[in-house]
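Okay, structure first, notes after.
The values are calculated or read from the model by the stated rules, or taken from the named source; none is laboratory data. Computed from a predicted model, the values in this text were never measured in an experiment. With ideal geometry, Cβ positions are generated from the backbone for all residues, glycine too; neighbour counts draw on all protein chains shown. Please note that ligands, DNA and RNA were not included when accessible areas were found on the heavy atoms of the full protein model with its side chains. Shrake-Rupley method; radii C 1.70, N 1.55, O 1.52, S 1.80 Å.
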Amino acid sequence: MSIPKPGRVVLLASAAAAVVVAASVAVIGPADAASTLGASAAQTGRYFGAAIAAGKLGDGTYTGILNREFNSVTPENEMKWDATEPSQGRFTFTNGDRILNQGISMGAKIRGHALLWHQQQPSWAQGLSGSALRNAAINHVTQVATHYKGKIYAWDVVNEAFADGGSGGRRDSNLQRTGNDWIEAAFRAARAADPAAKLCYNDYNTDGVNAKSTGVYNMVRDFKSRGVPIDCVGFQSHLGTSIPGDYQANLQRFADLGVEVQITELDVAQGGNQANVYAAVTRACMAVSRCGGITVWGIRDSDSWRTGENPLLFDSSGNKKAAYTSVLNALNAGGPTNPTTPPTTVPTTPPTTSPTSNPPSGACAASITLNSWNGGYVANIRVTAGSAAVNGWTVTVALPSGSAVTNTWSATNSATTGTVSFRNVSYNGQIPAGGNAEFGFQGTGAGPTATPTCSAG
């Protein structure tokens, strides 16, 4: 998800098939081609944005590229729950306002990210449950959306609420355990607080037609049929060296429900196919008239949360990469105009993921997805059962010297430094054969680098 605190945890596996993008009618000729990403996207009423960090706005190279190239901004972490309400009822908007003011100074759209998410909750919220948590969550949505009322183009109201795997169901979390209507309640509260903002649901591993994306699709269809206010769906699109062959078709099926689709956190692992994958994503968005725009998660490779994968459009020195040119060409090739976003002009101014082997019968295995920033990290751990069900599990993680656990969710920990054992809680100890459960923790210092071990029972 990103630096300093990633806004999501993802699995980096992607489909092997290359995307087949339907031909679209070009509306921009070579003489009209724009020379920046934002200006090129704006010609068809779309945006091309970047997720940015308040702490980097003093970097001249960073802000130079930002001001020149993009017509939309998304805060990496500055508008999340832990950042905006560190103590219950005490709201802090200083860094969120810095992102807002940066966007306003550029004449850019501002995407708010994210009102509710099962991760990066402040510690006080992690200690709540039931109606106390529900009331606190809805109050949080109301207060933050009210603070930014009239200034946010679109909010990621709820982030990553669906489980990975083949069930297509909701992710277990403290928010989910307040009742299955929690997402609906959040959207209704956001609409009441800021009627002008587009309200989005945002998730990862939903880029192609699969069980998870179909679960989201069914929710959106239900919401639309019952008048629950939802205007857009965000597809994070953290991609490897390929793109699902049904990527565009998946965008289109959501658009056909009457919602805008947005590519919200795009980054692509560097390799011989990086430029082609970026171009394919861009062409897919351009071919779907309700695709509002694309956001890349960071600006330079050195700003990316996917350390070592160099997944962005500019290298660490700020130079344009081949992927940049492929995106610009795809934008300038044109496509159907987005009917929900009038054209505007732009002013000229990985996680590391450990492998999971198939555990033997009666045993379990664990893999860790680590999102790091300077001075801290978030770790998400998946526990997988073997060919027999698991009734209780313990995962052991070796922390480097200087690292300390500060928050844990969906598990209990035996210590905060050194070798730490995490034990299941009441609701996620029983895992069916071949199934999985997840827990996570936040820490200071450097994150763990060794694969965790798991014991069942």
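Tabulated data for the structure shown
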item	result
Hey, Glu69 surrounded by 15 or more Cβ atoms within 10 Å (Cβ to Cβ), of a type in the set (Asp, Glu) and under 22 Å from Thr36 (Cα atoms) or not	yes
Of residues in the stretch 194-215 being of a type in the set (A, V, I, L, M) and open to solvent by 10 Å² or more (accessible area, probe 1.4 Å), the one nearest to Ile243 (Cα to Cα)	Val209
Contacts under 6 angstrom Cβ, first residue in the stretch 169-181 being at pLDDT 95 or above, partner polar (S, T, N, Q) and buried (at least 16 other Cβ atoms within 10 Å of the Cβ), 6 or more apart	Arg170/Gln176
Close pairs from the stretch 288-317: first within 18 Å of Gln252 (Cα to Cα), partner open to solvent by 10 Å² or more (accessible area, probe 1.4 Å) and at pLDDT below 95, Cβ under 8 Å, at least 6 apart	Val288/Pro336; Ser289/Pro336; Ser289/Thr337; Ser289/Pro339; Arg290/Pro339; Arg290/Thr340; Gly292/Thr340
Among the residues listed as Asn371, Asn380, the single one being modelled with pLDDT under 80, in contact with a Pro (Cβ under 7 Å, 6 or more places away or on another chain) and open to solvent by less than 40 Å² (accessible area, probe 1.4 Å)	Asn371
Residue that is farthest from the chain's Cα centre (by Cα) [pool: residues in the stretch 264-318 that are more than 22 Å from Lys56 (Cβ to Cβ) and either assigned to a strand (DSSP E or B) or β-branched (Val, Ile, Thr) (or both)]	Val288
Residue count for the stretch 394-433, restricted to those that are part of a loop (DSSP other than H, G, I, E, B), more than 20 Å from Ala363 (Cβ to Cβ), at pLDDT below 90 and open to solvent by 60 Å² or more (accessible area, probe 1.4 Å)	2
All positions within the stretch 220-237 that are open to solvent by 10 Å² or more (accessible area, probe 1.4 Å) and in contact with a strand residue (DSSP E or B) (Cβ under 8 Å, 6 or more places away or on another chain)	Pro229, Asp231
Verdict on Ile152 being over 14 Å from Trp117 (Cβ atoms) and either more than 15 Å from the chain's Cα centre (by Cα) or at pLDDT 95 or above (or both)	yes
Answer from Thr337, Thr325, Thr356 - the residue that is modelled with pLDDT under 75 and either open to solvent by 50 Å² or more (accessible area, probe 1.4 Å) or more than 26 Å from the chain's Cα centre (by Cα) (or both)	Thr356
Subset tally (residues that are among the charged types (D, E, K, R) and either farther than 20 Å from Asp267 by Cα or in contact with a Lys or Arg (Cβ under 9 Å, 6 or more places away or on another chain) (or both)) for the stretch 33-68	1
Close pairs from the stretch 32-57: first farther than 23 Å from Val261 by Cβ, partner part of a loop (DSSP other than H, G, I, E, B) and open to solvent by less than 10 Å² (accessible area, probe 1.4 Å), Cβ under 7 Å, at least 6 apart	Ala53/Glu76
